[in-house]
1. Taking the condition of being touching a residue at least 40 places away in the same chain (Cβ under 8 Å) and either outside any strand (DSSP E or B) or more than 13 Å from DNA strand C (Cβ to nearest atom) (or both), how many residues in the range A:61-79 meet it?
2. Test B:SER66 against the criterion of being within 16 Å of DNA strand D (Cβ to nearest atom), closer than 30 Å to A:ALA155 by Cβ, within 14 Å of chain A (Cβ to nearest Cβ) and open to solvent by 20 Å² or more (accessible area, probe 1.4 Å), and give yes or no.
3. Of all residues being within 14 Å of DNA strand D (Cβ to nearest atom) and in contact with a strand residue (DSSP E or B) (Cβ under 8 Å, 6 or more places away or on another chain) in the range A:52-63, which is nearest to A:HIS22 (Cα to Cα)? Just the residue, please.
4. A:THR96: polar (S, T, N, Q), under 30 Å from B:LEU167 (Cβ atoms) and under 17 Å from the mean Cα position of the chain (by Cα), yes or no?
5. Can you name the residue in the range B:163-178 that is facing chain A (nearest Cβ under 7 Å) and over 8 Å from the mean Cα position of the chain (by Cα) and, of all such residues, is farthest from A:VAL79 (Cα to Cα)?
6. Checking the condition in contact with a strand residue (DSSP E or B) (Cβ under 6 Å, 6 or more places away or on another chain) and closer than 25 Å to A:ARG149 by Cα, which residue from A:LEU29, A:LEU92 passes?
7. On the given criteria, is B:THR96 among the polar types (S, T, N, Q), in contact (Cβ under 8 Å) with a residue 60 or more places away in the chain and more than 16 Å from DNA strand C (Cβ to nearest atom)?
8. Answer yes or no: is there a residue in the range A:102-121 that is of a type in the set (Gly, Ala, Ser) and at pLDDT 90 or above.
Protein chains: 2
Amino acid sequence: MPHSPANPDAAPKQRVQDAIRHDIIFGTLPAGARITEAALATKYGISRVPVREALHALEAEGFVESKPYAGSTVCAIPVDDADDLFAVREALEAATARRAAKRAAGQFSAGAPDGQWWKTRKELAAILDEGDAAIGNGRPDLLPELNIRFHLGIAELSGSPSLTALLRQIAGKIEWLYASDLNSRGKQSWGEHRTVMAAIDAGNVPEAEQVMGVHVHRSRTGYLSRFAG
Amino acid sequence: MPHSPANPDAAPKQRVQDAIRHDIIFGTLPAGARITEAALATKYGISRVPVREALHALEAEGFVESKPYAGSTVCAIPVDDADDLFAVREALEAATARRAAKRAAGQFSAGAPDGQWWKTRKELAAILDEGDAAIGNGRPDLLPELNIRFHLGIAELSGSPSLTALLRQIAGKIEWLYASDLNSRGKQSWGEHRTVMAAIDAGNVPEAEQVMGVHVHRSRTGYLSRFAG
DNA sequence: CTACTTGGGATTGTATGCAATACGTTCCCG
DNA sequence: CGGGAACGTATTGCATACAATCCCAAGTAG
């Protein structure tokens with residue numbers, strides 16, 4: 001959902017925003033490339049206004065940099081920040097997992113079922129199944145996208161928009177890093193997701209926090225060892 | 001700079017963005033309040049377009065929530081997220097301080113002085129002096145603003161736009177929390193800033209990280225004890 | 001030859017008008 | 001009297017037009 005390749009019938013602004021981000025993450029738009037609103041407007045057959053809003057949103061996400069009256073350029077891949085980004089992500093996702101477990105306990109027991117919560121929980125179940133199917137069908141290339149959706153889903157379950165927004169921002173950068181690398185830890189990492197989900201469903205707060213922390217930490221060391229060698 | 005009260009000769013978009021954020025942080029716009037572009041446009045005597053962009057930026061910052069074709073409302077104060085936000089901030093600022101110290105070592109020794117770096121370093125010195133003066137003159141109310149500028153300045157010194165953007169997002173929320181509370185730990189907390197600065201200037205990487213971590217941690221426990229206790 | 005000014009062209013920022021969508025209200029039918 | 005569907009209003013989303021700003025290059029004075 002967040003960084004899907006293309007949703008033809010979405011709002012124009014969202015469409016071009018996703019398209020540009022995709023082009024940046026996968027290298028079609030290299031770092032330092034100049035971007036002009038007019039060019040994108042003609043390219044996508046829309047006016048400058050939605051393009052402009054998409055660019056500003058991407059600036060907030062950290063993919064492009066704009067200077068007033070001067071134009072926008074593509075930011076550099078934050079490869080030097082990888083270690084620190086993972087460290088922050090560790091603290092952040094430990095918090096989302098802990099809070100998700102806390103809320104889960106309330107959802108399963110008490111008498112005020114939250115429709116949104118159950119919807120997200122169902123989506124997560126579907127994501128896990130899709131991932132397993134992707135592995136079974138020899139399509140591990142689908143895992144990165146599913147991976148991000150899983151982690152954002154957990155953040156949704158935490159019920160904290162603040163934390164979700166922060167994770168969304170970090171996840172974008174991490175997706176960028178992984179796209180430059182070719183993801184590999186895939187299968188083993190994916191299997192750990194069910195452990196996280198189980199801890200949350202059980203309402204086991206400390207275990208949820210700990211398991212998620214270990215999961216993210218492994219992802220971090222995996223990436224760093226692959227990249228820095 | 002980031003959340004200044006009002007800069008009359010700034011761009012309209014930036015001006016209304018700061019004004020609205022100020023109104024939200026200091027309670028003029030209460031949580032749940034409906035916001036319409038047209039009303040703000042008349043209020044500030046400008047067109048709907050810059051207002052619209054300001055609102056979208058504030059949505060990315062987590063202060064307002066917008067639904068397509070339905071309008072925007074002021075978000076709730078993230079008081080339940082305080083603990084987690086401080087935890088993430090601890091990891092984040094430990095990273096910025098560490099990287100700032102690492103870069104400082106390079107700046108003082110080697111032969112490639114970075115103009116931007118020195119400019120930020122000078123601004124930080126001015127901020128520290130302003131804070132001392134504010135305390136001396138019995139104006140501790142100026143400290144929260146200076147406090148944020150100091151921490152964002154350290155992030156600038158780290159040379160990482162990713163980390164700076166993340167801190168900016170978190171700092172906005174924390175400023176919001178502190179505004180609902182009335183800041184108190186002020187004076188002692190401010191004094192710790194010179195310790196952080198000294199560690200960075202010395203290029204003492206582990207000490208910079210550790211001192212900043214303790215500083216933020218004290219701020220966290222101080223807030224939580226005041227609020228929950 | 002250098003430094004400063006002064007144009008032109010390109011690009012973003014803002015204003016206005018129109019189209020698309022959501023929400024509340026009312027009216028009709030059961 | 002209750003429920004659901006059509007409708008009107010309010011509000012956002014997009015398109016077009018214009019103004020403000022910046023960058024760069026050419027030209028001129030010293």
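1. The total comes to 8.
2. Considered against the rule, which asks whether it is within 16 Å of DNA strand D (Cβ to nearest atom), closer than 30 Å to A:ALA155 by Cβ, within 14 Å of chain A (Cβ to nearest Cβ) and open to solvent by 20 Å² or more (accessible area, probe 1.4 Å), B:SER66 comes out as yes.
3. Checked the range A:52-63; the qualifying residue nearest to A:HIS22 (Cα to Cα) is A:LEU55.
4. Yes; evaluated as a whole, the condition is true for this residue.
5. Per the criteria, the residue is B:LYS173.
6. A:LEU29
7. yes
8. Scanning the range A:102-121, I find no residue that is of a type in the set (Gly, Ala, Ser) and at pLDDT 90 or above, so the answer is no.
The values are calculated or read from the model by the stated rules, or taken from the named source; none is laboratory data. Nothing here was measured: the structure is a model prediction, and the numbers come from that model. Note that each Cβ is placed from the backbone with ideal geometry, even for glycine, and that neighbours are counted across all protein chains shown. The protein model used for the area step is the full one, side chains on, heavy atoms only, and it has no ligands, DNA or RNA in it. Shrake-Rupley method; radii C 1.70, N 1.55, O 1.52, S 1.80 Å.
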